[in-house]
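K.L.:
Take this structure, written in structure tokens, and hold onto it; I'll ask about it next.
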Amino acid sequence: MSEINPVLNMSIFGLFVAVTLFIVFRASRNTNTAADYYAAGRSFTGPQNGFAIAGDYLSAASFLGICGAIAINGYDGFLYSVGFLVAWLVALLLVAELLRNTGKFTMGDVLAFRMRQRPVRAAAALATLAVSFFYLLAQMAGGGSLVNLLMGIEGEVGQAIVIAVVGVVMILYVLIGGMKGTTWVQIIKAGLLIAGALVMTVWVLGLYGFNLSELLGRAAAQPDGAGRDLLAPGVKYGESILTQMDFISLALALVLGTAGLPHVLMRFYTVPTAKEARRSVVWAISLIGLFYLFTLVLGYGAGALVGPEEISSAPGGANAAAPLLALALGGPLLLGFIAAVAFATILAVVAGLTITASASFAHDVYVNVIRKGKDSSAINEVKVARITALVIGACAIAGGILAKNQNVAFLVALAFAVAASANLPTILYTLFWKRFNTTGALWSMYGGLAAAILLIVFSPAVSGSETAMIPGADFAFFPLSNPGLVSIPLSFLLGWLGTMLSKEKADPDKQAEMEVRSLTGAGAEKAVAH
């Protein structure tokens, strides 16, 4: 730890922030309408949006959390990578194109297309805000861990101050640049992150003669680690039937959660056509899949070269695995670069989350619920979105301070569980079930959201264990750390039950229009000409 050079690290970090803020400022000059602020004028191509989706999706969890999970838990940690990647097949096959054809700016546009507007939009906005908050927790915790490591800060107060400063910088991106500035930051960040991970992967493999078996054997031989168990299932999820059920719950949340993440869904609106939306997902899958292969080498490389004990005792715990591996490979200079890239990762993801949550509140709640669609002024709508971004940023800072010692991959898994419970059943029912109605949508969204959040609050993740968010308390009665196994099926059941028990009939004309529009693109929102 003595090799860390805080001045060098912060200089590289400051340079990244300055360059990306300049890019955001340049991009913000054409942000005049709501379509510019929310959807970047629908001006990005499929490959550009694919890079941006990768930049949005490859978060602090992907880089910091998964590398740490693999370094300490081995095979069980790599299951995060598998789940995050497989989830894209659900998004590609069931959601991306249909959503782009049907919606305008937010998920609420799709869900309210053939339902009663106000109650459904209010529920969609609440679900979006809840998912975004949980995802923001992970990014703030990751950002705090990273800057703590960069600066060598270990005290509780110091870490809280760092998270607050990180949050303020992140909010600036959204207030200044809107979706266009955020997208360019995500594109640049994705390129840098994948390039940095590639360099480290080749470097690690080179140390072991490009022999993966040799690397795995060296990681398993660490005296302070899990030994040979590191290479087989069960270090974390094989202790009992309960932990195995926890794993199934986690896997279900990861695979189904992506297609319900509002900040990922919103990216499909930044392209001019459904064809480009499809292309962007194919590009995203390719880039994300490549990156997750790198995490396998980087995680085991950190285990072999740094060691589980040093990783666990560093500021940020498991989240410090990738930066410490960079330090072991290339010294302070490589650490500074990798940490700055990881920080750019967090900046880009948080900017995407914040703009999605603020857009959902401004477009769905302010314009369509409070103003009942009467206030069509883009200036007012964008102003409300920017004020909302400030409030969301403040909440994220407070939550990030509370969750600062949690593994960020685990925190993101909670966000995926909430997304899969509150959003995905309603999206799929809306797109594919003709009889589905407003009552079913409300039961599914509110029921799934309430179940997921309640089960998280009363789970070992929050209290009753040494690694809980509130370690001194114990009010946990739900035995699983991830609620997906219960909350996701419950949400599907509530959507079906609410529809069947309701006397409300679905509008056949709206249903027919939605089907034609979602499948053919006829009447879909077009790109805005400047």
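K.L.:
Hey, does the stretch 470-485 have a residue that's at pLDDT 85 or above and in a helix (DSSP H, G or I)?
P.N.:
Yes - at least one qualifying residue is present in the stretch 470-485.
K.L.:
Let me ask another. I need the full set of residues from the stretch 434-449 which are open to solvent by 40 Å² or more (accessible area, probe 1.4 Å) and under 21 Å from Pro483 (Cβ atoms), in order please. Show your work before the answer.
P.N.:
From the stretch 434-449, those open to solvent by 40 Å² or more (accessible area, probe 1.4 Å) are 434-435, 443, 446; that's our starting set.
Matches in the stretch 434-449: Trp443, Tyr446.
K.L.:
Yes or no: Gly181 in contact with a helix residue (DSSP H, G or I) (Cβ under 6 Å, 6 or more places away or on another chain), open to solvent by less than 20 Å² (accessible area, probe 1.4 Å), over 27 Å from Val365 (Cα atoms) and not basic (Lys, Arg)?
P.N.:
Answer is no for this residue.
K.L.:
Quick one: how many residues across the stretch 62-102 are small (Gly, Ala, Ser), surrounded by fewer than 24 Cβ atoms within 10 Å (Cβ to Cβ) and over 18 Å from Ala415 (Cβ atoms)?
P.N.:
0
K.L.:
How about the stretch 259-296: which of its residues are polar (S, T, N, Q) and under 26 Å from Pro323 (Cβ atoms)?
P.N.:
Answer for the stretch 259-296, where residues must be polar (S, T, N, Q) and under 26 Å from Pro323 (Cβ atoms): just Thr295.
K.L.:
When both residues are 6+ apart or on different chains and their Cβ atoms are under 8 Å apart, which pairs have a first residue that lies in the stretch 214-236 and is under 15 Å from Val306 (Cβ atoms) and at pLDDT 85 or above, and a second that is among the β-branched types (Val, Ile, Thr) and open to solvent by less than 30 Å² (accessible area, probe 1.4 Å)?
P.N.:
Hits for this filter: Leu215/Val204; Leu215/Val297.
K.L.:
Between a residue in the stretch 178-193 that is of a type outside the set (Phe, Trp, Tyr) and at pLDDT 85 or above and any residue that is open to solvent by less than 10 Å² (accessible area, probe 1.4 Å) and not in a helix (DSSP H, G or I), which pairs come within a Cβ distance under 7 Å, given they are 6 or more apart or on different chains?
P.N.:
Once the first residue is of a type outside the set (Phe, Trp, Tyr) and at pLDDT 85 or above and sits in the stretch 178-193, its partners that are open to solvent by less than 10 Å² (accessible area, probe 1.4 Å) and not in a helix (DSSP H, G or I) give Ala190/Leu58; Leu193/Leu58.
K.L.:
Ile53 versus (1) modelled with pLDDT under 85; (2) of a type in the set (Val, Ile, Thr); (3) in contact with a Ser or Thr (Cβ under 7 Å, 6 or more places away or on another chain): which is the lone unmet condition?
P.N.:
(1)
K.L.:
Check whether at least one residue in the stretch 148-167 is surrounded by 24 or more Cβ atoms within 10 Å (Cβ to Cβ), over 18 Å from Thr20 (Cα atoms), over 22 Å from the mean Cα position of the chain (by Cα) and not hydroxyl-bearing (Ser, Thr, Tyr), and report yes or no.
P.N.:
yes
K.L.:
Then there's this: Taking the stretch 233-261 as the region of interest, how many residues are open to solvent by 10 Å² or more (accessible area, probe 1.4 Å) and either under 18 Å from Met107 (Cβ atoms) or over 22 Å from the mean Cα position of the chain (by Cα) (or both)?
P.N.:
14
K.L.:
When the residues of the stretch 288-322 are narrowed to those that are of a type in the set (S, T, N, Q) and open to solvent by 20 Å² or more (accessible area, probe 1.4 Å), which ends up nearest to Ala221 (Cα to Cα)?
P.N.:
Once the filter is applied, the top-ranked residue is Ser312.
K.L.:
Looking only at the stretch 108-136, count how many residues are part of a helix (DSSP H, G or I) and either open to solvent by 10 Å² or more (accessible area, probe 1.4 Å) or acidic (Asp, Glu) (or both). Walk me through how you get there before you give the answer.
P.N.:
Going residue by residue through the stretch 108-136, those that are part of a helix (DSSP H, G or I) are 108-111, 117-136.
Remaining after also requiring either open to solvent by 10 Å² or more (accessible area, probe 1.4 Å) or acidic (Asp, Glu) (or both): 109, 117-119, 121-122, 126, 129-130, 133-134.
Total meeting the criteria: 11.
K.L.:
Now for a different question. Look at Ile456 and say whether it is open to solvent by less than 50 Å² (accessible area, probe 1.4 Å), out of contact with any strand residue (DSSP E or B) (no Cβ under 6 Å at 6 or more places or on another chain) and hydrophobic (A, V, I, L, M, F, W, C). It would help to see each step written out before you state the result.
P.N.:
Numbers: open to solvent by less than 50 Å² (accessible area, probe 1.4 Å): yes; out of contact with any strand residue (DSSP E or B) (no Cβ under 6 Å at 6 or more places or on another chain): yes; hydrophobic (A, V, I, L, M, F, W, C): yes.
For Ile456, the condition - open to solvent by less than 50 Å² (accessible area, probe 1.4 Å), out of contact with any strand residue (DSSP E or B) (no Cβ under 6 Å at 6 or more places or on another chain) and hydrophobic (A, V, I, L, M, F, W, C) - is met.
The values are calculated or read from the model by the stated rules, or taken from the named source; none is laboratory data. What you are looking at is a predicted structure, and each value in this text was computed from that prediction instead of being measured. In this analysis, Cβ positions are derived from the backbone assuming ideal geometry, glycine residues included, and neighbour counts consider all displayed protein chains. The protein model used for the area step is the full one, side chains on, heavy atoms only, and it has no ligands, DNA or RNA in it. Shrake-Rupley method; radii C 1.70, N 1.55, O 1.52, S 1.80 Å.
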